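Notes follow the structure.
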Amino acid sequence: MLRQEFYRCLTRRADALFELTEAVLCSDGPVRSIAELSLAGEHRRGHGSGYAALARGRVDIDRLRTALSEVSLPRAADGRLVLAVDVTCWLRPEAHTCPQRILCHTYGRGKDQHMMVPGWPYSVIVALESGRGSWTAPLDAVRLTPGDNAANVTARQIRDVVDRLVAAGHWQPGDPQILLVADAGYDGPRLAHVLADLPITVLVRMRTDRVLHRPVGPQPPATLSRPRRHGAEFAFGDPATWGEPDVVTDTTTRLYGPALIRAWDRLHPRLTHRIAWAGHGGPLPIIEGTVIRLQVERLPSGAIPKPVWLWHSRTGLGQAEVDLAWQAFLRRFDIEHTFRMLKQTLGWTTPKLRGPEAADRWTWLLLTAYTQLRLARDLTADLRRPWEKPRSSGRLTPARVRRGFRNLRPQLGCPASVPKPSRPGPGRPSGTPNHRPASRHDVHTVTSSNTRKPRRGKNAKSSNPRPRRTG
(Lines give C-alpha, C1' and ligand atoms only; values in the text may rest on other atoms or scores of the structure.)
Protein backbone atom coordinates (compact mmCIF):
# COMPACT_ATOMS: atom_id res chain seq x y z
CA MET A 1 0.00 0.00 0.00
CA LEU A 2 2.83 2.42 0.77
CA ARG A 3 4.40 1.81 -2.65
CA GLN A 4 1.15 2.56 -4.45
CA GLU A 5 0.57 5.72 -2.40
CA PHE A 6 4.18 6.76 -2.93
CA TYR A 7 3.75 6.46 -6.69
CA ARG A 8 0.62 8.62 -6.53
CA CYS A 9 2.61 11.30 -4.68
CA LEU A 10 4.93 11.64 -7.71
CA THR A 11 3.10 14.10 -9.95
CA ARG A 12 5.76 14.84 -12.59
CA ARG A 13 8.37 12.42 -13.98
CA ALA A 14 6.80 9.86 -11.68
CA ASP A 15 8.20 6.80 -13.45
CA ALA A 16 11.79 8.08 -13.37
CA LEU A 17 11.55 9.07 -9.69
CA PHE A 18 9.99 5.73 -8.72
CA GLU A 19 12.62 3.67 -10.54
CA LEU A 20 15.33 5.82 -8.98
CA THR A 21 14.02 4.80 -5.56
CA GLU A 22 13.84 1.15 -6.66
CA ALA A 23 17.48 1.29 -7.76
CA VAL A 24 18.49 2.68 -4.36
CA LEU A 25 16.73 -0.22 -2.61
CA CYS A 26 18.08 -2.94 -4.90
CA SER A 27 21.66 -1.80 -5.56
CA ASP A 28 24.63 -3.69 -4.23
CA GLY A 29 26.73 -1.71 -1.80
CA PRO A 30 26.58 1.99 -0.97
CA VAL A 31 25.16 4.46 -3.47
CA ARG A 32 28.08 6.34 -5.03
CA SER A 33 26.30 8.48 -7.62
CA ILE A 34 22.92 8.96 -9.26
CA ALA A 35 24.26 7.93 -12.67
CA GLU A 36 25.59 4.60 -11.38
CA LEU A 37 22.10 3.66 -10.22
CA SER A 38 21.18 3.17 -13.89
CA LEU A 39 23.39 0.03 -13.86
CA ALA A 40 20.91 -1.71 -11.57
CA GLY A 41 18.48 -4.01 -13.33
CA GLU A 42 15.51 -2.31 -11.67
CA HIS A 43 16.42 1.01 -13.35
CA ARG A 44 15.22 0.74 -16.95
CA ARG A 45 16.01 4.29 -18.05
CA GLY A 46 19.13 6.12 -19.11
CA HIS A 47 21.84 7.31 -16.80
CA GLY A 48 20.76 10.94 -17.15
CA SER A 49 17.14 10.39 -16.21
CA GLY A 50 17.92 10.42 -12.49
CA TYR A 51 19.36 13.92 -12.36
CA ALA A 52 16.69 15.16 -14.79
CA ALA A 53 13.92 13.74 -12.62
CA LEU A 54 15.34 15.31 -9.46
CA ALA A 55 15.78 18.68 -11.18
CA ARG A 56 12.41 18.86 -12.98
CA GLY A 57 10.24 16.28 -11.20
CA ARG A 58 7.57 17.01 -8.65
CA VAL A 59 6.69 15.28 -5.38
CA ASP A 60 3.55 15.95 -3.35
CA ILE A 61 5.39 16.20 -0.04
CA ASP A 62 2.31 16.96 2.07
CA ARG A 63 0.58 13.83 0.83
CA LEU A 64 3.75 11.81 1.38
CA ARG A 65 3.95 13.08 4.96
CA THR A 66 0.43 11.81 5.55
CA ALA A 67 1.31 8.44 4.01
CA LEU A 68 4.32 7.98 6.32
CA SER A 69 2.15 8.85 9.33
CA GLU A 70 -0.42 6.20 8.49
CA VAL A 71 1.92 3.18 8.49
CA SER A 72 2.52 1.13 11.62
CA LEU A 73 4.78 2.86 14.14
CA PRO A 74 6.90 1.45 16.98
CA ARG A 75 5.96 2.16 20.59
CA ALA A 76 7.61 2.12 23.99
CA ALA A 77 7.11 -0.56 26.62
CA ASP A 78 4.08 1.22 28.10
CA GLY A 79 2.45 1.67 24.68
CA ARG A 80 3.22 5.34 24.13
CA LEU A 81 4.80 6.92 21.06
CA VAL A 82 8.32 8.26 21.56
CA LEU A 83 9.49 10.88 19.06
CA ALA A 84 13.02 12.21 18.60
CA VAL A 85 13.99 15.41 16.79
CA ASP A 86 17.43 16.43 15.61
CA VAL A 87 19.15 18.46 12.90
CA THR A 88 21.53 16.90 10.39
CA CYS A 89 23.34 18.77 7.64
CA TRP A 90 23.94 18.19 3.95
CA LEU A 91 27.29 19.95 3.65
CA ARG A 92 28.00 21.88 0.42
CA PRO A 93 31.16 23.91 1.21
CA GLU A 94 32.27 24.52 -2.40
CA ALA A 95 28.87 24.72 -4.12
CA HIS A 96 28.94 28.46 -4.85
CA THR A 97 26.08 28.18 -7.36
CA CYS A 98 23.72 26.56 -4.82
CA PRO A 99 21.30 29.01 -3.18
CA GLN A 100 19.98 29.03 0.39
CA ARG A 101 23.09 27.62 2.02
CA ILE A 102 23.54 28.19 5.76
CA LEU A 103 26.54 27.78 8.02
CA CYS A 104 26.11 24.35 9.61
CA HIS A 105 27.73 23.30 12.86
CA THR A 106 30.09 20.35 12.44
CA TYR A 107 32.65 18.66 14.64
CA GLY A 108 35.80 16.70 14.00
CA ARG A 109 36.36 17.47 10.30
CA GLY A 110 40.12 17.00 10.17
CA LYS A 111 41.07 19.21 13.13
CA ASP A 112 38.89 17.56 15.80
CA GLN A 113 37.18 20.82 16.67
CA HIS A 114 33.94 22.69 16.11
CA MET A 115 33.64 24.22 12.65
CA MET A 116 30.98 26.03 10.64
CA VAL A 117 30.61 24.64 7.10
CA PRO A 118 28.10 25.87 4.48
CA GLY A 119 25.31 23.45 3.68
CA TRP A 120 21.61 22.64 3.91
CA PRO A 121 20.46 21.73 7.45
CA TYR A 122 17.44 19.43 7.82
CA SER A 123 15.29 19.02 10.92
CA VAL A 124 14.19 15.37 11.09
CA ILE A 125 11.56 13.78 13.36
CA VAL A 126 11.46 10.00 13.85
CA ALA A 127 9.56 7.55 16.04
CA LEU A 128 11.83 5.49 18.30
CA GLU A 129 11.64 1.81 19.11
CA SER A 130 12.11 0.18 22.51
CA GLY A 131 15.23 -1.85 23.17
CA ARG A 132 18.65 -1.67 21.55
CA GLY A 133 18.57 -1.43 17.78
CA SER A 134 19.31 0.74 14.78
CA TRP A 135 15.76 1.18 13.44
CA THR A 136 13.61 4.28 13.60
CA ALA A 137 10.46 5.39 11.77
CA PRO A 138 11.05 8.70 9.92
CA LEU A 139 7.99 10.94 9.96
CA ASP A 140 9.08 14.34 8.69
CA ALA A 141 12.04 16.33 7.37
CA VAL A 142 12.13 20.11 6.97
CA ARG A 143 15.01 22.07 5.45
CA LEU A 144 15.95 25.20 7.36
CA THR A 145 16.07 28.19 5.01
CA PRO A 146 18.01 31.45 5.54
CA GLY A 147 16.36 33.60 8.16
CA ASP A 148 14.44 30.76 9.81
CA ASN A 149 14.28 30.58 13.57
CA ALA A 150 15.20 26.99 14.38
CA ALA A 151 13.08 26.98 17.56
CA ASN A 152 9.95 28.20 15.77
CA VAL A 153 10.47 25.81 12.86
CA THR A 154 10.88 22.86 15.24
CA ALA A 155 7.76 23.77 17.23
CA ARG A 156 5.69 24.12 14.07
CA GLN A 157 7.09 20.87 12.69
CA ILE A 158 6.28 18.96 15.89
CA ARG A 159 2.77 20.37 15.94
CA ASP A 160 2.14 19.23 12.36
CA VAL A 161 3.51 15.74 13.06
CA VAL A 162 1.37 15.30 16.18
CA ASP A 163 -1.74 16.49 14.32
CA ARG A 164 -1.12 13.92 11.58
CA LEU A 165 -0.55 11.15 14.14
CA VAL A 166 -3.80 12.00 15.88
CA ALA A 167 -5.66 12.10 12.56
CA ALA A 168 -4.18 8.68 11.64
CA GLY A 169 -5.43 7.15 14.90
CA HIS A 170 -2.03 6.56 16.51
CA TRP A 171 -3.15 8.54 19.56
CA GLN A 172 -6.63 8.68 21.07
CA PRO A 173 -8.00 10.28 24.22
CA GLY A 174 -7.03 8.15 27.20
CA ASP A 175 -3.72 6.96 25.71
CA PRO A 176 -0.39 7.92 27.33
CA GLN A 177 0.95 11.24 26.14
CA ILE A 178 3.44 11.27 23.27
CA LEU A 179 7.01 11.69 24.56
CA LEU A 180 9.31 14.04 22.63
CA VAL A 181 13.05 13.51 23.24
CA ALA A 182 15.64 16.10 22.19
CA ASP A 183 19.26 16.95 22.87
CA ALA A 184 20.75 19.98 24.62
CA GLY A 185 20.47 22.20 21.55
CA TYR A 186 16.71 22.57 22.07
CA ASP A 187 14.97 24.80 24.59
CA GLY A 188 12.82 22.30 26.47
CA PRO A 189 10.78 24.80 28.53
CA ARG A 190 10.03 26.82 25.41
CA LEU A 191 8.80 23.73 23.54
CA ALA A 192 6.69 22.67 26.52
CA HIS A 193 5.10 26.14 26.68
CA VAL A 194 4.38 26.41 22.95
CA LEU A 195 3.05 22.83 22.67
CA ALA A 196 1.06 22.86 25.91
CA ASP A 197 -2.24 22.30 24.05
CA LEU A 198 -1.00 19.05 22.47
CA PRO A 199 -0.93 15.57 24.08
CA ILE A 200 2.85 15.66 24.25
CA THR A 201 5.50 15.55 26.98
CA VAL A 202 8.94 17.11 26.43
CA LEU A 203 12.19 15.51 27.62
CA VAL A 204 15.44 17.33 26.80
CA ARG A 205 19.02 17.19 27.95
CA MET A 206 20.41 20.29 29.64
CA ARG A 207 23.95 21.56 29.85
CA THR A 208 25.88 20.85 33.03
CA ASP A 209 26.30 24.57 33.84
CA ARG A 210 22.60 25.41 34.04
CA VAL A 211 20.99 27.01 37.08
CA LEU A 212 17.30 26.42 37.82
CA HIS A 213 15.10 27.59 40.66
CA ARG A 214 12.80 25.99 43.20
CA PRO A 215 9.25 27.18 43.89
CA VAL A 216 8.79 30.24 46.08
CA GLY A 217 7.93 29.46 49.68
CA PRO A 218 5.12 31.11 51.63
CA GLN A 219 5.60 34.83 52.14
CA PRO A 220 5.59 36.16 55.72
CA PRO A 221 2.39 38.05 56.51
CA ALA A 222 4.18 41.27 57.53
CA THR A 223 6.12 41.53 54.24
CA LEU A 224 5.13 44.51 52.10
CA SER A 225 7.64 44.07 49.28
CA ARG A 226 6.95 42.63 45.87
CA PRO A 227 6.36 38.86 45.97
CA ARG A 228 9.26 36.75 44.77
CA ARG A 229 8.85 34.74 41.57
CA HIS A 230 11.83 32.44 41.96
CA GLY A 231 12.92 30.37 44.91
CA ALA A 232 16.33 29.03 45.88
CA GLU A 233 18.84 28.20 43.19
CA PHE A 234 19.52 24.69 41.96
CA ALA A 235 22.94 24.80 40.25
CA PHE A 236 23.86 21.66 38.34
CA GLY A 237 27.54 22.19 39.08
CA ASP A 238 27.12 22.83 42.82
CA PRO A 239 25.99 19.74 44.82
CA ALA A 240 25.43 21.90 47.89
CA THR A 241 22.33 23.41 46.23
CA TRP A 242 20.70 20.10 45.30
CA GLY A 243 19.18 18.99 48.57
CA GLU A 244 17.47 15.64 48.95
CA PRO A 245 16.08 14.17 45.71
CA ASP A 246 12.42 13.29 45.42
CA VAL A 247 13.11 10.02 43.55
CA VAL A 248 16.20 7.82 43.80
CA THR A 249 16.68 4.63 41.83
CA ASP A 250 19.63 2.54 40.75
CA THR A 251 20.08 -0.26 38.28
CA THR A 252 22.80 -2.29 36.62
CA THR A 253 23.24 -1.98 32.85
CA ARG A 254 25.22 -4.23 30.56
CA LEU A 255 27.14 -1.49 28.74
CA TYR A 256 27.43 1.21 31.38
CA GLY A 257 27.63 -0.77 34.61
CA PRO A 258 25.81 0.46 37.74
CA ALA A 259 23.68 3.54 37.07
CA LEU A 260 22.39 5.95 39.72
CA ILE A 261 19.34 8.04 38.86
CA ARG A 262 18.11 10.93 41.02
CA ALA A 263 15.20 13.28 40.32
CA TRP A 264 14.15 16.62 41.79
CA ASP A 265 10.58 17.82 41.34
CA ARG A 266 9.20 21.29 40.50
CA LEU A 267 12.26 23.09 39.18
CA HIS A 268 11.99 25.88 36.63
CA PRO A 269 14.41 28.11 34.68
CA ARG A 270 14.53 31.84 35.15
CA LEU A 271 13.36 33.18 31.80
CA THR A 272 14.39 36.52 30.31
CA HIS A 273 13.23 38.54 27.32
CA ARG A 274 15.97 37.18 25.08
CA ILE A 275 16.22 34.93 22.03
CA ALA A 276 13.00 32.86 21.88
CA TRP A 277 11.28 34.95 24.56
CA ALA A 278 12.20 38.34 23.07
CA GLY A 279 8.74 38.93 21.58
CA HIS A 280 6.74 37.53 24.50
CA GLY A 281 4.22 40.04 25.79
CA GLY A 282 3.43 40.38 29.48
CA PRO A 283 5.15 38.62 32.36
CA LEU A 284 7.18 35.54 31.53
CA PRO A 285 5.64 32.23 32.64
CA ILE A 286 6.93 29.90 35.32
CA ILE A 287 7.46 26.55 33.61
CA GLU A 288 8.06 23.84 36.18
CA GLY A 289 9.36 20.39 35.47
CA THR A 290 11.37 17.49 36.87
CA VAL A 291 15.17 17.40 36.70
CA ILE A 292 16.74 13.95 36.34
CA ARG A 293 20.44 13.24 36.87
CA LEU A 294 21.89 10.07 35.36
CA GLN A 295 25.34 8.91 36.46
CA VAL A 296 26.92 5.70 35.13
CA GLU A 297 30.12 3.93 36.09
CA ARG A 298 31.76 3.46 32.68
CA LEU A 299 31.35 4.11 28.97
CA PRO A 300 31.87 1.53 26.18
CA SER A 301 34.50 3.80 24.59
CA GLY A 302 36.60 3.92 27.77
CA ALA A 303 36.13 7.67 28.25
CA ILE A 304 35.43 9.23 31.63
CA PRO A 305 31.65 9.18 32.16
CA LYS A 306 30.01 12.54 32.85
CA PRO A 307 26.58 13.01 34.41
CA VAL A 308 23.60 13.54 32.12
CA TRP A 309 21.03 16.14 33.19
CA LEU A 310 17.51 15.81 31.81
CA TRP A 311 14.52 18.14 32.11
CA HIS A 312 11.05 16.57 32.02
CA SER A 313 8.07 18.85 31.39
CA ARG A 314 5.83 17.00 33.87
CA THR A 315 5.95 17.21 37.64
CA GLY A 316 5.17 14.60 40.28
CA LEU A 317 6.90 11.73 38.50
CA GLY A 318 7.14 8.35 40.17
CA GLN A 319 9.99 5.88 40.03
CA ALA A 320 8.56 4.03 37.02
CA GLU A 321 8.14 7.26 35.04
CA VAL A 322 11.67 8.40 35.89
CA ASP A 323 13.08 5.08 34.67
CA LEU A 324 11.07 5.38 31.46
CA ALA A 325 12.40 8.91 30.91
CA TRP A 326 16.13 8.19 31.09
CA GLN A 327 15.79 4.96 29.11
CA ALA A 328 13.87 6.81 26.40
CA PHE A 329 16.62 9.41 26.24
CA LEU A 330 19.24 6.71 25.65
CA ARG A 331 17.12 5.49 22.74
CA ARG A 332 17.34 8.99 21.23
CA PHE A 333 20.77 8.15 19.84
CA ASP A 334 19.16 5.64 17.47
CA ILE A 335 18.42 8.59 15.20
CA GLU A 336 22.18 8.81 14.58
CA HIS A 337 22.06 5.29 13.10
CA THR A 338 19.34 6.49 10.72
CA PHE A 339 21.43 9.48 9.64
CA ARG A 340 24.40 7.20 9.06
CA MET A 341 22.30 4.78 7.01
CA LEU A 342 20.89 7.61 4.88
CA LYS A 343 24.27 9.21 4.23
CA GLN A 344 26.73 6.33 4.02
CA THR A 345 24.60 3.56 2.50
CA LEU A 346 21.66 5.13 0.69
CA GLY A 347 23.76 8.06 -0.54
CA TRP A 348 21.69 10.96 0.77
CA THR A 349 24.47 13.57 0.52
CA THR A 350 26.19 11.93 -2.47
CA PRO A 351 24.59 13.72 -5.48
CA LYS A 352 25.87 17.19 -6.36
CA LEU A 353 22.49 18.82 -6.81
CA ARG A 354 22.35 22.51 -7.56
CA GLY A 355 18.89 23.49 -6.35
CA PRO A 356 17.57 23.02 -2.81
CA GLU A 357 14.21 21.91 -4.25
CA ALA A 358 15.97 18.95 -5.90
CA ALA A 359 17.63 18.18 -2.57
CA ASP A 360 14.20 18.11 -0.91
CA ARG A 361 12.92 15.64 -3.53
CA TRP A 362 15.93 13.37 -3.06
CA THR A 363 15.52 13.55 0.72
CA TRP A 364 11.91 12.41 0.60
CA LEU A 365 12.70 9.64 -1.88
CA LEU A 366 15.22 8.21 0.58
CA LEU A 367 12.88 8.59 3.56
CA THR A 368 10.29 6.59 1.64
CA ALA A 369 12.91 3.99 0.70
CA TYR A 370 13.97 3.66 4.32
CA THR A 371 10.33 3.22 5.37
CA GLN A 372 9.92 0.42 2.82
CA LEU A 373 12.96 -1.31 4.32
CA ARG A 374 11.47 -1.02 7.80
CA LEU A 375 8.17 -2.51 6.68
CA ALA A 376 10.00 -5.39 4.93
CA ARG A 377 12.32 -6.25 7.82
CA ASP A 378 10.34 -9.40 8.70
CA LEU A 379 9.93 -10.54 5.07
CA THR A 380 13.50 -10.58 3.74
CA ALA A 381 16.08 -13.31 4.18
CA ASP A 382 19.39 -12.74 5.91
CA LEU A 383 22.01 -12.65 3.13
CA ARG A 384 24.90 -12.27 5.53
CA ARG A 385 28.57 -12.12 4.69
CA PRO A 386 30.79 -15.02 5.88
CA TRP A 387 32.26 -12.86 8.66
CA GLU A 388 28.92 -11.60 9.96
CA LYS A 389 27.02 -13.19 12.80
CA PRO A 390 23.66 -14.77 11.97
CA ARG A 391 20.59 -12.88 13.15
CA SER A 392 16.92 -13.66 13.33
CA SER A 393 14.57 -12.06 10.80
CA GLY A 394 13.31 -9.54 13.34
CA ARG A 395 16.80 -8.40 14.34
CA LEU A 396 18.26 -7.57 10.92
CA THR A 397 19.88 -4.17 10.48
CA PRO A 398 18.67 -1.80 7.73
CA ALA A 399 21.72 -2.57 5.58
CA ARG A 400 21.12 -6.35 5.77
CA VAL A 401 17.42 -5.94 4.98
CA ARG A 402 18.43 -3.94 1.89
CA ARG A 403 20.51 -6.88 0.61
CA GLY A 404 17.46 -9.11 0.48
CA PHE A 405 15.01 -6.51 -0.80
CA ARG A 406 15.83 -7.34 -4.42
CA ASN A 407 14.50 -10.88 -3.93
CA LEU A 408 11.32 -9.49 -2.38
CA ARG A 409 10.66 -6.85 -5.04
CA PRO A 410 9.10 -9.19 -7.71
CA GLN A 411 6.30 -9.98 -5.25
CA LEU A 412 5.51 -6.31 -4.69
CA GLY A 413 4.96 -5.20 -8.26
CA CYS A 414 6.10 -2.05 -10.01
CA PRO A 415 3.52 0.62 -10.90
CA ALA A 416 5.98 2.52 -13.12
CA SER A 417 5.42 2.20 -16.86
CA VAL A 418 7.97 0.89 -19.33
CA PRO A 419 10.23 3.66 -20.70
CA LYS A 420 9.80 4.75 -24.30
CA PRO A 421 12.81 4.38 -26.60
CA SER A 422 14.49 7.69 -27.31
CA ARG A 423 17.80 9.18 -28.29
CA PRO A 424 19.76 11.75 -26.31
CA GLY A 425 19.77 15.29 -27.60
CA PRO A 426 22.77 16.79 -29.41
CA GLY A 427 23.69 19.06 -26.50
CA ARG A 428 25.89 22.13 -26.88
CA PRO A 429 28.23 21.91 -29.86
CA SER A 430 31.83 21.17 -29.03
CA GLY A 431 33.93 24.30 -28.62
CA THR A 432 30.96 26.58 -28.03
CA PRO A 433 31.25 28.53 -24.75
CA ASN A 434 28.46 28.61 -22.23
CA HIS A 435 26.70 31.96 -22.60
CA ARG A 436 24.41 31.35 -19.60
CA PRO A 437 26.66 30.74 -16.60
CA ALA A 438 25.01 29.77 -13.34
CA SER A 439 24.45 32.48 -10.77
CA ARG A 440 26.56 32.47 -7.63
CA HIS A 441 25.04 32.82 -4.17
CA ASP A 442 26.54 33.91 -0.88
CA VAL A 443 26.29 31.82 2.27
CA HIS A 444 23.71 33.10 4.72
CA THR A 445 25.34 34.07 8.00
CA VAL A 446 23.76 35.27 11.23
CA THR A 447 25.79 37.91 13.02
CA SER A 448 25.44 39.16 16.56
CA SER A 449 23.67 42.29 15.31
CA ASN A 450 20.85 40.13 13.95
CA THR A 451 20.16 38.34 17.21
CA ARG A 452 20.74 40.81 20.03
CA LYS A 453 20.89 44.52 20.68
CA PRO A 454 24.32 46.21 20.50
CA ARG A 455 25.98 47.01 23.78
CA ARG A 456 26.66 50.56 24.83
CA GLY A 457 30.20 51.27 25.82
CA LYS A 458 33.32 49.18 25.66
CA ASN A 459 32.94 47.44 29.02
CA ALA A 460 29.15 47.48 29.24
CA LYS A 461 27.56 44.30 30.51
CA SER A 462 24.17 42.92 29.67
CA SER A 463 21.51 43.24 32.35
CA ASN A 464 19.89 39.98 31.32
CA PRO A 465 20.92 37.05 33.53
CA ARG A 466 22.38 34.01 31.78
CA PRO A 467 23.03 30.44 32.86
CA ARG A 468 25.90 30.60 35.32
CA ARG A 469 28.83 28.21 35.15
CA THR A 470 29.56 26.88 38.60
CA GLY A 471 31.53 23.77 37.79
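In terms of the Cα gyration tensor, with a ≥ b ≥ c the square roots of its eigenvalues, is segment 57-123 rounded because a/c is under 1.5, prolate because a/b exceeds b/c, or oblate? It comes out oblate by the Cα gyration axes.
Express the relative contact order of the chain as a whole percentage, based on alpha carbon pairs under 8 Å and six or more residues apart in sequence.
Dividing the mean separation by the residue count of the chain yields 19 percent.
For the pair GLU94 and ARG32, label points projected 7 Å from Cα toward Cβ lie 1.8 nm apart. Among the cysteines of the chain, CYS9, CYS26, CYS98, CYS414 have no other cysteine beta carbon within less than 4.7 Å of their own.
The mean sequence separation of alpha-carbon pairs under 8 Å and at least six residues apart, normalised by the residue count of segment 244-288, gives a relative contact order of 30 percent.
Listed values [x] 62, 56, 44; [y] 73, 49, 48; [z] 92, 58, 45 include one computed from this model; for Cα extents along the principal axes in Å that value carries the label [z].
Computed about the Cα centre, the dipole magnitude for the chain is approximately 1620 debye when only Lys and Arg (+1) and Asp and Glu (-1) carry charge, each at its Cβ.
Scaling against 2.2 N^0.38 Å puts the C-alpha radius of gyration of segment 343-390 at 1.53.
A simple spin-label model places the labels of ASP382 and ASN149 5.1 nm from each other, with each point 7 Å out along Cα-to-Cβ. Modelled label positions at HIS280 and LYS352, each set 7 Å beyond Cα in the direction of Cβ, lie 4.7 nm from each other. Between ALA235, THR252, PRO218, the Cα set farthest toward the positive side of the dipole of segment 204-253 (charges on each charged residue's Cβ, about the Cα centre) is that of PRO218.
Can you tell me how segment 281-328 classifies by the Cα gyration tensor, rounded, prolate or oblate, using a/c under 1.5 as the rounded cut? Spell out each step's value before the answer.
Numbers: a/c = 4.12, a/b = 1.91, b/c = 2.16.
Here segment 281-328 falls in the oblate category.
Applying the criteria of a DSSP loop state and at most 12 other Cβ atoms within 10 Å to the trypsin sites (Lys or Arg not before Pro) of segment 112-210 yields ARG132, ARG207.
Over the Cα atoms of segment 278-379, Rg to Rh with Kirkwood Rh, two decimal places?
Checking Rg against Rh, the ratio lands at 1.12.
What does the accessible area per residue of the chain come to in Å², with a 1.4 Å probe and no ligands, DNA or RNA counted?
53
Using the alpha carbons alone, the radius of gyration of segment 1-81 stands to its Kirkwood radius in an Rg to Rh ratio of 1.08. When you filter the chymotrypsin sites (Phe, Trp or Tyr not before Pro) in segment 12-115 for DSSP loop state and at most 10 other Cβ atoms inside 10 Å of their Cβ, nothing is left.
What shape does segment 131-206 have by the C-alpha gyration tensor, where a ≥ b ≥ c are the square roots of the eigenvalues, rounded means a/c under 1.5, and otherwise prolate means a/b greater than b/c and oblate the rest?
Cα axes put segment 131-206 in the rounded bin.
Note on ARG270 and ARG226: with the Förster distance fixed at 22 Å, the Cβ-Cβ geometry gives a FRET efficiency of about 0.90.
Please give the calculated 222 nm ellipticity per residue for the chain, where each DSSP H segment of at least 4 residues contributes -39500 (n - 2.57) and the sum is spread over every residue; nearest 500 deg cm²/dmol?
Result for the chain: -7500 deg cm²/dmol, rounded to the nearest 500.
When all alpha carbon pairs of segment 358-416 are counted in 5 Å bins from zero, the resulting P(r) reads 4, 18, 24, 21, 16, 10, 5, 2 %. When you work out D = kT/(6 pi eta Rh) for segment 1-159 at 4 °C and 1.567 mPa s, using the Kirkwood radius from C-alpha pairs as Rh and the Stokes-Einstein form, the result is 71 µm²/s. Surface composition of the chain: carbon and sulfur atoms hold 50% of the protein heavy-atom accessible area at a 1.4 Å probe.
When the chymotrypsin sites (Phe, Trp or Tyr not before Pro) in segment 280-360 are filtered for DSSP coil states and for at most 14 other beta-carbon atoms within 10 Å of their beta-carbon, the remaining sites are PHE333. The calculated FRET efficiency for the pair GLN319 and GLU5, based on their C-beta separation and a Förster distance of 56 Å, comes to about 0.85. Can you figure out the FRET efficiency of LEU255 with SER393, using R₀ = 22 Å and their beta-carbon distance, to the nearest 0.05? Using R0 = 22 Å, I get an efficiency of 0.30. Histogrammed with a bin width of 5 Å, the alpha carbon distances of segment 169-241 distribute as 3, 12, 15, 15, 16, 14, 11, 8, 4, 1, 0, 0 percent, first bin at zero. The relative contact order of segment 281-400 comes to 16 percent, based on Cα pairs under 8 Å that sit 6 or more residues apart. When the Cα convex hull of segment 97-139 is projected onto planes of every orientation, the mean area is 5.1 nm². Answer with one residue from GLN319, ALA438, GLY147: the one whose Cα lies farthest towards the positive end of the charge dipole of the chain, charges on Cβ with Lys, Arg +1 and Asp, Glu -1. The Cα lying farthest towards the positive end belongs to ALA438.
The values are calculated or read from the model by the stated rules, or taken from the named source; none is laboratory data. What you see is a predicted model; the values in this text were computed from it and never measured. Because the Cβ atoms are built from the backbone with ideal geometry, glycine has one as well, and the counts that use them run over all protein chains shown. The area values use the complete protein model at the heavy-atom level, side chains included, leaving out ligands, DNA and RNA. Shrake-Rupley method; radii C 1.70, N 1.55, O 1.52, S 1.80 Å.
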